[in-house]
């Protein structure tokens with residue numbers, strides 16, 4: 001599976017997912033740490049990646065665009081959780 005990790009999650013999450021055999025990249029690795037959410041969503045779509053984020057705005061952006069993808073995984077309850085627990 002291919003994943004794009006948004007800026008509001010640790011880059012360590014990408015490392016854990018890679019260790020599990022997935023193709024995962026953090027937006028920082030692409031120089032997109034300051035990119036607008038729409039650009040991050042487009043990167044995931046064009047890269048065939050599932051976007052993993054703690055930001056609730058991606059679902060709204062996707063809905064308003066009426067696009068069929070990309071898929072978005074929303075991670076909630078960040079406090080006290082480490083990257084390995086998110087993965």
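The values are calculated or read from the model by the stated rules, or taken from the named source; none is laboratory data. Since we're looking at a predicted model, the values are computed, not measured. Methodologically, a virtual Cβ is constructed for each residue, glycine included, from the backbone with ideal geometry; neighbour enumeration extends over all protein chains shown.
For the reader, a short list of remarks on this structure follows.
- Members of region 36-66 that are free of Cβ contacts under 8 Å to residues at least 12 places away in the same chain and assigned to a loop (DSSP other than H, G, I, E, B): 36, 66
- Candidate set: region 58-77, residues that are surrounded by 12 or more Cβ atoms within 10 Å (Cβ to Cβ) and over 14 Å from residue 42 (Cα atoms); chosen: the one modelled with the lowest pLDDT: 75
- Within region 21-36, the set of residues being closer than 20 Å to residue 71 by Cβ and modelled with pLDDT under 95 is empty.
- With respect to the conditions (1) under 15 Å from residue 2 (Cα atoms); (2) free of Cβ contacts under 8 Å to residues at least 12 places away in the same chain, residue 14 falls short on a single one, namely (2).
- Residue 54 modelled with pLDDT under 95, in contact with a strand residue (DSSP E or B) (Cβ under 8 Å, 6 or more places away or on another chain) and under 17 Å from residue 71 (Cα atoms): yes
- Whichever residue in region 2-35 is assigned to a loop (DSSP other than H, G, I, E, B) and touching a helix residue (DSSP H, G or I) at 6+ places or on another chain (Cβ under 8 Å) and, among such residues, is surrounded by the fewest Cβ atoms within 10 Å (Cβ to Cβ): 33
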